[in-house]
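Here the structure is laid out as structure tokens; the discussion comes afterwards.
The values are calculated or read from the model by the stated rules, or taken from the named source; none is laboratory data. These figures come from a predicted structure and were not determined experimentally. Here the Cβ positions follow ideal geometry from the backbone for every residue, glycine too, while neighbour counts run over all protein chains shown. Surface accessibility is based on the protein's heavy atoms, side chains included, excluding ligands, DNA and RNA. Shrake-Rupley method; radii C 1.70, N 1.55, O 1.52, S 1.80 Å.
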Amino acid sequence: MARLRITGLYKSYDSVQAVRGVDLDIPEGEFAVLVGPSGCGKSTMLRTIAGLEEPDAGTIEIDGEIVNDLPPRSRDVAMVFQNYALYPYMKVFDNIAFGLRARKFPAGEIKERVLAAAATLNISGLLDRLPRQLSGGERQRVAIGRAIVRDARLFLFDEPLSNLDAQLREEMRLEIKELHQRLGKTMIYVTHDQIEARTLADRVVLLNNGRIEQEGAPLDLFERPVNRFVAGFLGSPSMNFIPARLVAADESLAVTFEDGTALAVPAAAYERLAGRSGHDVIFGVRTEHISRARDGDTREGLAPLSATIDVVQPTGSRTYVTFRLSGTPVMAELRAHDVEHPGQRIELDVDMNRAILIDPETDLVL
Amino acid sequence: MTGETRADAVYVPKDWWLRRRTWTYVGRYAAAIVITLLFLFPVYWIFIMAFKTPEEVFASPPIWYPAQIQFKTFAVLFRDGDVGTIGNSLITAGVSTVLAMFFGTIAAYSLARFRTGGENLAIWIISQRMIPPIVIIFPVFLVYVFFGWVDTFQGLILLYTAFNLPYVTWMMRGYIEDIPIELEQSALVDGWSRWQVLLRVVFPMARAGLFATAVFTFIFAWNDFIFALVLTRVEITTYPVQVTSFFGQQQTFWAKIGAMSILGTLPIFFAVALFQRYLVRGISLGAIKG
Ligand SMILES: Nc1ncnc2c1ncn2[C@@H]1O[C@H](COP(=O)(O)OP(=O)(O)OP(=O)(O)O)[C@@H](O)[C@H]1O
Ligand SMILES: [Mg+2]
């Protein structure tokens, strides 16, 4: 068990700045998930924590001890590599046992632990095979097995489930969550999958261009993004952004679009936004916060909007529709039978409590 | 063939001998056979000489196959101690190969993984190999005279090791660079030291390359003539030098030359046969990754 603290971390390769000033404090036993677009420095962060890359600047502390100068093997971390890194000339059993042998575990215990890990990962029947005789998903599970047999104080996972099919991924996600609950170890987990991030994480750390954009509880980032990047990155389909202007009229405040459409800002937000009236803003709303207007729905903060539907995409329980608002395509997630056909004109409600306004100059959420 | 198998018989058109494909095949095989004979004949000729009597060696017209295979020449070589030179060759080539492989692989690892000296050092190292032996042999001879190393094992072994090191370093650097670095990093994280990683990950992963390089290193030392000629006298004469001693002013002992050639080819033959699997893979390693 360990607390991980990273301060002022920088790392560049030749001309690429992979990590540019990261501060991170992960308390003991926490499950932290790193997300971010490809190439944003997630793997580099893990590799630096493991001691495989030397940071250009900054410190890495595990349990209060600065480990910058410790070689990887003295840091007592276990890591699952993005590309498995299995030894092609070793049987699966020996691959999993490799780390235990390095730490001089007695043969009996090695066997016990490997068998237990294999059972957890559902690969008990594969222990006598060579990696090349395994499917991609099986290899990935062997790679996970190699990390979890060890008693490391810190676990690093680099997209460990990326090659599994949907069902196996769900199973493994559960296994990893359970493993975390059972061991109570600090874990840092990289993924591209938002569901994985949301279900596993105590804390999500969203990286972009080598910097942390925002960190916090998964729902926090989702519901209260601090800037346009975070708002757009999390959630699928991603948030709609429409250029608009904040206009004051009488006692009220409205988001007004170029074509004259206006959406009333709920009273609770007046004070926060009053100073912005007359300024350009970007209006952000998630697909699920636009719904078909229903009689008798008198929730506070619903703003009516009429739209002519361009595209209808039924997915079963939900239907995605696209329409134009002041020339910008907007997607909404409606109920299955809310819309019959393209070209239909319908009345919508926009949940203004969940919508955000962004300053177009700073990209920060107002 | 019995009548029952006729149904399965390959269909052969009546005019098969007129067809172009048939003649292409015939032509190819004929050419292959001619070329093979052309290359094998000198080998056959030198080898068969070992089993001939002196009269048969010089007979005119030449005798293609001796009337009676006899091993007298081999007996003479063993009796006179000529065979000992093959032992000398085994020692010098063997020890220098082991040394060059060990130090060369370590140097290669350093070049490949720690970027020691950047690209320039690697180029400089291989450039050493491009110096023709004859250029350095006389300065080396003078140095060896000074140290009293002429006609000693350590002298010849040191020279072969030095001469092969650049080759080993260069080749092994390529093979090591082809190993996915995550394999090594994973082992480091798992708790192995650098040396253990070398032993448990790098060597097994580069096995084909190691064997292929070792065979070529051995062959170079084994076949070297110029260094051995200048730096040996009587104590550690290697077998290529000994073979040349059979060319006399008055007489050339062709049967002995043939017999020594057979004995001198055997170690290489076995080395190549033993490592054939790795040789093919080692040589083609860079081409197909997977
Ligand atoms: N060994 C290297 N040499 C040079 N540049 C590198 C090296 N490793 C990574 N980079 C660069 O550093 C940046 C961050 O890479 P990193 O592997 O950390 O990204 P990532 O967030 O893990 O991406 P992905 O999600 O695609 O795995 C990228 O721009 C990449 O091109
Ligand atoms: Mg990565």
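Please work out if B:Arg277 is outside any helix (DSSP H, G or I) and either exposed (fewer than 14 other Cβ atoms within 10 Å of the Cβ) or at positive phi (or both). Taking the combined requirement at face value, the residue does not satisfy it.
When the stretch A:14-53 is limited to residues that are of a type in the set (Val, Ile, Thr) and away from every other protein chain (no Cβ under 14 Å), the one that is farthest from A:Leu179 (Cα to Cα) turns out to be A:Val16. Of the residues making up the stretch A:81-109, those that are more than 8 Å from chain B (Cβ to nearest Cβ) and part of a helix (DSSP H, G or I) are A:Val92, A:Phe93, A:Asp94, A:Asn95, A:Ile96, A:Ala97, A:Leu100, A:Arg101, A:Ala107, A:Gly108, A:Glu109.
If you go through the stretch A:287-311 and keep only what is open to solvent by 10 Å² or more (accessible area, probe 1.4 Å) and touching a residue at least 60 places away in the same chain (Cβ under 8 Å), you end up with A:His289, A:Ser291. When the helices (runs of 4 or more DSSP H) confined to the stretch B:7-105 are screened for residues that are modelled with pLDDT of 85 or more and open to solvent by 80 Å² or more (accessible area, probe 1.4 Å), those reaching at least 3 such residues are found at B:20-49, B:72-80. Working only within the stretch A:186-238, note down all residues that are among the acidic types (Asp, Glu), within 15 Å of ligand 2 (Cβ to nearest atom) and either within 14 Å of another protein chain (Cβ to nearest Cβ) or assigned to a helix (DSSP H, G or I) (or both). Once the filter is applied, which keeps residues that are among the acidic types (Asp, Glu), within 15 Å of ligand 2 (Cβ to nearest atom) and either within 14 Å of another protein chain (Cβ to nearest Cβ) or assigned to a helix (DSSP H, G or I) (or both), the stretch A:186-238 yields only A:Glu196. Of everything in the stretch A:179-202 that is polar (S, T, N, Q) and open to solvent by less than 30 Å² (accessible area, probe 1.4 Å), the residue that is nearest to ligand 1 (Cβ to nearest atom) is A:Thr191.
With respect to the stated conditions, A:Gly51 is closer than 24 Å to A:Gly210 by Cα, buried (at least 16 other Cβ atoms within 10 Å of the Cβ) and modelled with pLDDT of 90 or more. Contact map, the stretch A:188-202: residues that are in contact (Cβ under 8 Å) with a residue 40 or more places away in the chain paired with residues that are within 13 Å of ligand 2 (Cβ to nearest atom) and among the small types (Gly, Ala, Ser), Cβ distance under 9 Å, separation 6+ or inter-chain. Pairs shown: A:Val190/A:Gly36; A:Val190/A:Ser43; A:Thr191/A:Ser162; A:His192/A:Gly36; A:His192/A:Ser38; A:His192/A:Ser162.
Every condition in (1) more than 9 Å from chain B (Cβ to nearest Cβ); (2) outside any loop (DSSP other than H, G, I, E, B) holds for A:Ala78 except the one numbered (1). For the stretch A:129-164, a residue qualifies if it is in contact with a helix residue (DSSP H, G or I) (Cβ under 7 Å, 6 or more places away or on another chain) and part of a loop (DSSP other than H, G, I, E, B), and the qualifying residues are A:Arg129, A:Leu134, A:Val149, A:Arg150, A:Pro160, A:Leu161, A:Asn163, A:Leu164.
Among the residues of the stretch B:169-196, those that are more than 20 Å from A:Gln82 (Cα to Cα), in a helix (DSSP H, G or I) and within 14 Å of chain A (Cβ to nearest Cβ) comprise B:Arg194, B:Trp195, B:Gln196.
Taken over the stretch A:54-79, the criterion of being β-branched (Val, Ile, Thr), within 26 Å of the chain's Cα centre (by Cα) and open to solvent by less than 30 Å² (accessible area, probe 1.4 Å) is satisfied by A:Ile60, A:Ile62, A:Val77. Selection of the stretch A:137-158 for residues being within 16 Å of ligand 1 (Cβ to nearest atom) and more than 13 Å from chain B (Cβ to nearest Cβ) yields only A:Gln140. Within the stretch A:68-116, the set of residues being without any contact (Cβ under 8 Å) to a residue 40 or more places away in the chain, under 25 Å from A:Ser162 (Cα atoms) and among the small types (Gly, Ala, Ser) comprises just one member, A:Ala116. The residues of the stretch A:159-178 that are more than 16 Å from ligand 1 (Cβ to nearest atom) and of a type in the set (A, V, I, L, M, F, W, C), listed by number, are A:Leu164, A:Ala166, A:Leu168, A:Met172, A:Leu174, A:Ile176. Considering the stretch A:1-30, and only residues there that are within 12 Å of ligand 1 (Cβ to nearest atom), assigned to a strand (DSSP E or B) and not hydrophobic (A, V, I, L, M, F, W, C), the residue that is surrounded by the most Cβ atoms within 10 Å (Cβ to Cβ) turns out to be A:Lys11. Just one of the listed residues (A:Val33, A:Val92) is within 15 Å of ligand 1 (Cβ to nearest atom), open to solvent by less than 40 Å² (accessible area, probe 1.4 Å) and under 21 Å from A:Ala147 (Cβ atoms), and it is A:Val33.
B:Ala112 - would you say it is modelled with pLDDT under 90 and open to solvent by less than 20 Å² (accessible area, probe 1.4 Å)? So B:Ala112 fails the test.
Only one residue in A:Val205, A:Val255, A:Val247 is out of contact with any Phe, Trp or Tyr (no Cβ under 8 Å at 6 or more places or on another chain) and buried (at least 20 other Cβ atoms within 10 Å of the Cβ). Which one?
A:Val205
Looking at the stretch A:56-69, can you tell me whether even one residue there is within 13 Å of ligand 1 (Cβ to nearest atom) and away from chain B (no Cβ under 13 Å)? Scanning the stretch A:56-69, I find at least one residue that is within 13 Å of ligand 1 (Cβ to nearest atom) and away from chain B (no Cβ under 13 Å), so the answer is yes.
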